[in-house]
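Chemist: Below is a structure I'd like to ask you about.
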Amino acid sequence: MAKTRLVWAIVAAGLLAGGMSGCSKSEAPSAAPADPEDISVAVGTGEFIDSIVGFTATGDTNEEAMGAVILACQKAGGVECTADEVTNDKLCIVSVASDATDVVAGGAGATVEEARLDAIKKAEANKTPVGQDAVVVVSSCP
C-alpha cells in the first residue's frame, strides 16, 4: 500500500511540477539570443519529503538548460536535484522514477513512450536499472 501511495505521489508531483516550475531560464545573460528553433530543453527531478517532483527548463545551450532545471528544483526547495535529459533536437524527453529501486533516469525519443523506453534502456546500460514500477515523472515534447 505504501508503494502505491508513493507512486501516485510521484505521478501527482510530476503533474504539479509543470505548473510549479514552468519554464525557467538561466539568469546569466547570453552573448546573443538563440534562434528559437535551437532552444535547448531539459527535464530533471528533485526529492521533496518522500516524493519525487519533475521540472522542465530551457536555455540557449544544452548546458544552460541543464543548469536552469537544477536551479528551478533547488529554488523550489528540492534536494538531490538532477538534470536527467536535455535536447535541442525536437525530441520528446522524460524523467522516469522507480520507487522499488530508488532510481531516476532520463531518455529521449519521438514520443513520450519511446523516451520512457530509452530512459529504461539507459538505466540498464548504466547498471542502475529502474524497477518495473517506473513511471514518467515529467516530460517535454516539441
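Chemist: Which condition number does Ile39 fail, the rest of (1) modelled with pLDDT under 95; (2) under 11 Å from the mean Cα position of the chain (by Cα); (3) farther than 19 Å from Ala119 by Cα; (4) of a type outside the set (S, T, N, Q) being met?
Modeler: Exception for Ile39: condition (2).
Chemist: Then there is this: Kindly indicate the residue of segment 127-142 that is surrounded by 15 or more Cβ atoms within 10 Å (Cβ to Cβ) and β-branched (Val, Ile, Thr) and also modelled with the lowest pLDDT among those meeting that condition.
Modeler: The first filter runs over segment 127-142 and keeps only residues surrounded by 15 or more Cβ atoms within 10 Å (Cβ to Cβ), leaving 129-131, 133-140.
Still in the list and also β-branched (Val, Ile, Thr): 130, 135-138.
On the way: Val130: 91, Val135: 95, Val136: 97, Val137: 96, Val138: 97.
Filtering first and then ranking leaves Val130.
Chemist: Scan segment 109-126 residue by residue and report those that are surrounded by fewer than 17 Cβ atoms within 10 Å (Cβ to Cβ) and in contact with a helix residue (DSSP H, G or I) (Cβ under 6 Å, 6 or more places away or on another chain).
Modeler: Within segment 109-126, none qualify.
The values are calculated or read from the model by the stated rules, or taken from the named source; none is laboratory data. Since we're looking at a predicted model, the values are computed, not measured. When we count neighbours, we look across all protein chains shown, and the Cβ atoms used for this are built from the backbone with ideal geometry, even at glycine.
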